[in-house]
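For reference, the structure discussed in these notes is given below.
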């Protein structure tokens, strides 16, 4: 670092270049991007530094759309709504909801991508062994399959898989991870004697794996998608009003199990 650059080199980025009167994002003048690129492709460009077009862009947008909301029973949404009644402002309510996304609520997409790639590495004959190894290392839950609310089928998953199939037929993605997801579905059904369908996390993970995303990006994109629902619910609750709303109506009490 030279004396001249000791401050400017403290942060270095390939994302944005800027000086008075000029902004370039990933090397493209912002005025060309405004009105010239959709929001989903812009997200992809900003995060990956690459352009995404055609069926690949459509798949990415479909995954973002599918995961925007799951209602006030979802912890992230519930937290945002409660926060909106506490006088902290819209953006703080959004941050409260986003901060609820973790390994259990919000992490299954990342975990499913990791699992698909472990199965891919094991090959078709090693699927059962790969799943057994996953369970031994991480516990009995297989991310991306089954749903405590949507039975027998999560309505989002078949639609997303159909779009992957279309993109694979067009040569836009390989289709290998959709096949792996379906193979896991079939394996679980045979193992348990009943269907264990893929859920939204498994289906979006198929898309992110097909698009070549590293597993952590699957979680990041889920958070970005769910932030839309968090904003919608936080704003709706702000408009509805209410003060200091907790998780249940005041007439309901908790169970005290102390002495």
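Summary of computed values
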read-out: So residue 43, is it modelled with pLDDT of 95 or more, surrounded by 17 or more Cβ atoms within 10 Å (Cβ to Cβ) and more than 20 Å from residue 223 (Cβ to Cβ); value: no
read-out: Listing of helices (runs of 4 or more DSSP H) fully contained in the stretch 1-93 that carry 1 or more residues being touching a strand residue (DSSP E or B) at 6+ places or on another chain (Cβ under 8 Å) and over 23 Å from residue 225 (Cβ atoms); value: 30-33
read-out: Single residue of the stretch 162-184 satisfying the filter (in a helix (DSSP H, G or I) and free of Cβ contacts under 8 Å to residues at least 60 places away in the same chain) that is surrounded by the fewest Cβ atoms within 10 Å (Cβ to Cβ); value: 169
read-out: Residue check, residue 54 at pLDDT 95 or above and on the phi > 0 side of the Ramachandran plot; value: yes
read-out: Output for the stretch 144-161, where each listed residue is modelled with pLDDT of 95 or more and either more than 16 Å from residue 210 (Cβ to Cβ) or not in a helix (DSSP H, G or I) (or both); value: none
read-out: Residue among 131, 90 that alone is over 30 Å from residue 155 (Cα atoms) and assigned by TED's automatic domain parsing to the domain that holds residue 165; value: 90
read-out: Tally, over the stretch 223-249, of residues that are buried (at least 18 other Cβ atoms within 10 Å of the Cβ) and not in a helix (DSSP H, G or I); value: 1
read-out: Within the stretch 81-120, tally of residues that are exposed (fewer than 14 other Cβ atoms within 10 Å of the Cβ), within 30 Å of residue 179 (Cα to Cα) and modelled with pLDDT of 95 or more; value: 0
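The values are calculated or read from the model by the stated rules, or taken from the named source; none is laboratory data. Since this is a predicted model, take the numbers as computed values, not measurements. Cβ coordinates were reconstructed from backbone atoms using ideal geometry, including for glycine residues, and neighbour counts include every protein chain displayed.
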